[in-house]
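Scroll down for the structure; my scribbles are underneath it.
The values are calculated or read from the model by the stated rules, or taken from the named source; none is laboratory data. These numbers come from a predicted model, not from an experiment. All Cβ positions, even for glycine, are placed from backbone atoms using ideal geometry, and neighbour counts span all protein chains on display. Ligands, DNA and RNA are excluded from the accessible area calculation, which covers all protein heavy atoms including side chains. Shrake-Rupley method; radii C 1.70, N 1.55, O 1.52, S 1.80 Å.
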Amino acid sequence: MEHEKLLGLLENNARASVKDLALLLDQDEAAVASAITDLEKSKVIAGYHTIINWDRCNRDEVQAIIEVNCTPERDAGYDHVAAMIYQYPEVDTMYLVSGRTEFVIIINGRTMREVAGFVARKLAPIEGVKSTETMFVLKKYKLTGTALEAETADSDRLLVTP
């Protein structure tokens, strides 16, 4: 079975039934179920998520993107510093990136003050962290490939034709 095809289908719709996946892949259900189990055990499938537009739920939440500059450690590089940072439950997502900063982290909090407190009391004091820059998310337009705002029929956007 082509695991990449199965993974692509699950990535687009994690709620797809084994029966539907088997039909789309032209495989029997037992083979698809077994493949999914194997992919979960090997952490290729690391979790299943629902995309929720929290802005429509009147839920108070602040999301921040924080750039972290740090010094790599001898023998461990950036991995040890990263482990100290991503252990915090406030850290939703963390990347090692190329460019002017080493890490980009995304955290969630109830207020800007709570996020600022996390940076001041937990993140900045970590040995190896040289500086941080916090940017607050003001509005989300697209998340994990899904547009959160429906385009209206009276949009000013021009149609593009070949």
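Structure data summary
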| quantity | calculated |
| --- | --- |
| Longest site-free stretch - the chain; sites: GluC sites (Glu not before Pro), DSSP loop, at most 13 other Cβ within 10 Å | 62-126 |
| At most 11 other Cβ within 10 Å, DSSP loop - chymotrypsin sites (Phe, Trp or Tyr not before Pro), the range 26-132 | Tyr48 |
| Net charge over other residues, Cβ less than 9 angstrom from the Cβ of Val81 (K, R count +1; D, E count -1) | -4 |
| Average Cα contact separation per residue, the chain, under 8 Å, 6 or more apart, as relative contact order % | 22 |
| Debye intensity ratio I(q)/I(0), log10, the range 24-71, q values 0.17, 0.22, 0.30 Å⁻¹ (C-alpha model) | -0.78, -0.87, -1.10 |
| Sites matching trypsin sites (Lys or Arg not before Pro) across the range 97-143 that sit in DSSP coil, with at most 15 neighbouring C-beta atoms within 10 Å | Arg100, Arg110, Lys139, Lys140 |
| Distance between modelled label sites at Ala124 and Thr37, nm, 7 Å Cα→Cβ extension | 5.2 |
| Solvent-accessible area of Leu148 with every protein chain in place, 1.4 Å probe, in Å² to the nearest 10 | 20 |
| Percent carbon-and-sulfur accessible area, the chain, ignoring ligands, DNA and RNA, probe 1.4 Å | 50 |
| Hydrodynamic radius (Kirkwood) for the chain, which is based on Cα pairs only, to one decimal in Å | 19.3 |
